[in-house]
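J.: The following block contains the structure, expressed as structure tokens.
The values are calculated or read from the model by the stated rules, or taken from the named source; none is laboratory data. What you are looking at is a predicted structure, and each value in this text was computed from that prediction instead of being measured. Backbone-built Cβ (ideal geometry, glycine too); neighbour counts: all protein chains shown.
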Amino acid sequence: PPSIRKINDKYDKVFVTGCLEPQVDGPRANAAFVVLARNKELEGVLQSIKSIERHFNRWFHYPYVFLNDGDFNSTFKEAILNHTSGSVEWGKIDSTMWGYPTWTDMAVAKEGIAKQGDAAIMYGGMESYHHMCRFYSGFFYKHELLQKYEWYWRLEPEIKYFCDITYDPFIHMEREKKTYGFTIAVKELKETVPNIFRYASAFKRNNNITSQGLWEMFTVKPDEKKSLPKDDPKYKKPLPEEILNTEPGAGSLPDISLDAMEGEEYNMCHFWSNFEIARLDWFRSKEYNDFFEMMDRSGGFWMERWGDAPIHSLAAGALLSPKDIHYFRDFGYRHTTIQHCPANAPARQLPRIPFLEKTTKDEKKRIEEDEYWATFDPPKENGVGCRCK
Ligand code: GDP
Ligand code: MN
């Protein structure tokens, strides 16, 4: 079998090896940082801004778009403007992009959220968090301030970049025809997305989408015996009407039978979307929006606590191919408790890209045990990972 390195090289090379002299006068992409935040998060946002400026943007000066469902106050704005080297725009998110869609049964949705609170599901009882996840799943790319951009790089409060990024990731993604870039992939908390995969899988089946090889990153076939034969009529069962139309009352997560999953199960893996560099036109595509709308109509953003991370990931799994994805294994990145540090990856974590790899039994077991799906890679060779500290 081909070595892992060869497979990785075939689809996804490290863009740049070692430190470069940043091209301060080089070409720039049509791109911006996107920061969704609230006034009370100022301190955490400043930490993030200082970090990205120090390690990247002091050379590249990309603009920022700040978004908020409320209004940014002058304290927030002034502090940000004191630490940014690119232009800044302030955007408000209106009720067409934040909150309940008109067709939601609000009483059902609110009760669903309350129940998740009672069940102590992480952020499950917090209405605003559900709104945030839905916004990042289906709306941010429609915001008027983002219309002029082709690319975005998502920033969140309380992140840290450890390594200098001395090249322009947008330019390299453009050159390599990449669509979506990640740096950490982790497993989702099961209880936040119990039914997400049924719908994602049903979307794929209903639209006759065949995997281009990325879907397998998100699926396991735990027990081949359990899977139904492909010609079983249950596979062809259409989606319930409640999901297919937007009549009022939709949104109570009607059950799709497990048959819809074609014998597959979600392995809970997802790209951790608090870091993302991606093409906006993919999110704006009809295919992505069809996917979002179907997921939305199921009510899963309320009745469960679907994160935008598994939504983006499963959409990528259905619609993209491994060669569209870039793993920024050379970016040192931390968000609150989880980090990827190219220089210090634990030795047991071999260089691997889960979706490109044929896994052996032992390795499967290791992957199961691994909290981190993509925090590996030892770029000791050739000094990938630039001046990490
Ligand atoms: P976590 O990373 O999953 O723990 O969630 P965060 O609290 O960091 O929220 C994710 C992102 O959404 C961050 O950029 C937050 O600033 C932002 N966010 C979360 N809830 C709200 C909200 O109600 N309003 C606004 N404007 N931003 C929010
Ligand atoms: Mn966060």
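J.: Since Asp105 meets every condition but one in (1) in contact (Cβ under 8 Å) with a residue 24 or more places away in the chain; (2) at positive phi; (3) more than 23 Å from the chain's Cα centre (by Cα), which condition does it not meet?
T.: For Asp105, the exception is condition (2).
J.: Identify all residues within the range 123-137 that are within 17 Å of Gly70 (Cβ to Cβ) and in a helix (DSSP H, G or I); write none if there are none.
T.: Glu127, Ser128, Tyr129, His130, His131, Met132, Arg134, Phe135, Tyr136
J.: So, one more: Counting only residues that are more than 10 Å from ligand 1 (Cβ to nearest atom) and either among the aliphatic types (A, V, I, L, M) or on the phi > 0 side of the Ramachandran plot (or both), which one in the range 57-71 is nearest to the chain's Cα centre (by Cα)?
T.: Only one residue tops the list, namely Val65.
J.: How do the pairs read when you match residues in the range 122-146 that are closer than 17 Å to Phe33 by Cβ with residues anywhere that are among the aromatic types (Phe, Trp, Tyr) and assigned to a helix (DSSP H, G or I), using Cβ under 7 Å and keeping only pairs 6 or more apart or on different chains?
T.: Here the result reads Tyr141/Phe283; Leu146/Phe140, each pair linking the range 122-146 to a residue that is among the aromatic types (Phe, Trp, Tyr) and assigned to a helix (DSSP H, G or I).
J.: Given Thr104, Thr84, which one is farther than 23 Å from Ile311 by Cα, away from ligand 1 (no atom under 15 Å from the Cβ), surrounded by 18 or more Cβ atoms within 10 Å (Cβ to Cβ) and of a type outside the set (Lys, Arg)?
T.: On inspection, the qualifying residue turns out to be Thr84.
J.: Oh, and also: Quick check on the range 134-153: of everything there that is in contact with an Asp or Glu (Cβ under 7 Å, 6 or more places away or on another chain) and either at pLDDT below 95 or among the hydroxyl-bearing types (Ser, Thr, Tyr) (or both), which residue is surrounded by the fewest Cβ atoms within 10 Å (Cβ to Cβ)?
T.: Per the stated criteria, the residue is Tyr136.
J.: Looking only at the range 45-54, decide whether some residue is modelled with pLDDT of 95 or more and touching a Leu at 6+ places or on another chain (Cβ under 7 Å).
T.: Yes, the range 45-54 has at least one match.
J.: May I ask you to list pairs of residues, at least six apart or on different chains, whose Cβ atoms are under 7 Å apart, with the first in the range 149-171 being part of a loop (DSSP other than H, G, I, E, B) and away from ligand 2 (no atom under 16 Å from the Cβ) and the second being modelled with pLDDT under 95 and β-branched (Val, Ile, Thr)?
T.: Between residues of the range 149-171 that are part of a loop (DSSP other than H, G, I, E, B) and away from ligand 2 (no atom under 16 Å from the Cβ) and residues that are modelled with pLDDT under 95 and β-branched (Val, Ile, Thr), the close pairs are Tyr167/Val16.
J.: What number of residues in the range 107-143 are near ligand 1 (Cβ under 10 Å from one of its atoms), touching a helix residue (DSSP H, G or I) at 6+ places or on another chain (Cβ under 6 Å) and among the aromatic types (Phe, Trp, Tyr)?
T.: Number satisfying all stated conditions: 2.
J.: Do the conditions hold for Gly112, that is, is it over 23 Å from the mean Cα position of the chain (by Cα) and not aliphatic (A, V, I, L, M)?
T.: The answer is yes for Gly112.
J.: So, restricting to helices (runs of 4 or more DSSP H) that lie completely within the range 230-345, which ones have at least 1 residues that are touching a helix residue (DSSP H, G or I) at 6+ places or on another chain (Cβ under 8 Å), at pLDDT 75 or above and not aromatic (Phe, Trp, Tyr)?
T.: Per the criteria, 280-283, 286-297, 300-303, 308-319.
J.: May I ask you to verify whether Asn57 is surrounded by fewer than 18 Cβ atoms within 10 Å (Cβ to Cβ) and not small (Gly, Ala, Ser)?
T.: So Asn57 fails the test.
J.: So which residues in the range 8-40 are buried (at least 18 other Cβ atoms within 10 Å of the Cβ) and within 16 Å of ligand 1 (Cβ to nearest atom)?
T.: Hits for the range 8-40 are Ala32, Phe33, Val34, Val35, Leu36, Ala37.
J.: Would you mention how many residues in the range 20-68 are assigned to a loop (DSSP other than H, G, I, E, B) and within 16 Å of ligand 2 (Cβ to nearest atom)?
T.: 2
J.: Filter the range 157-169 down to residues that are surrounded by 19 or more Cβ atoms within 10 Å (Cβ to Cβ) and within 15 Å of ligand 1 (Cβ to nearest atom), then give me how many there are.
T.: Selection size over the range 157-169: 2.
J.: Hey, can you tell me all the residues within the range 189-208 that are closer than 13 Å to Trp306 by Cβ and in a helix (DSSP H, G or I)?
T.: Lys190, Glu191, Thr192, Ile196, Phe197, Arg198, Tyr199, Ala200, listed by residue number.
J.: Condition first: modelled with pLDDT of 95 or more and not in a loop (DSSP other than H, G, I, E, B). Now tell me which residues in the range 87-109 satisfy that.
T.: Result: Val88, Glu89, Trp90, Gly91, Lys92.
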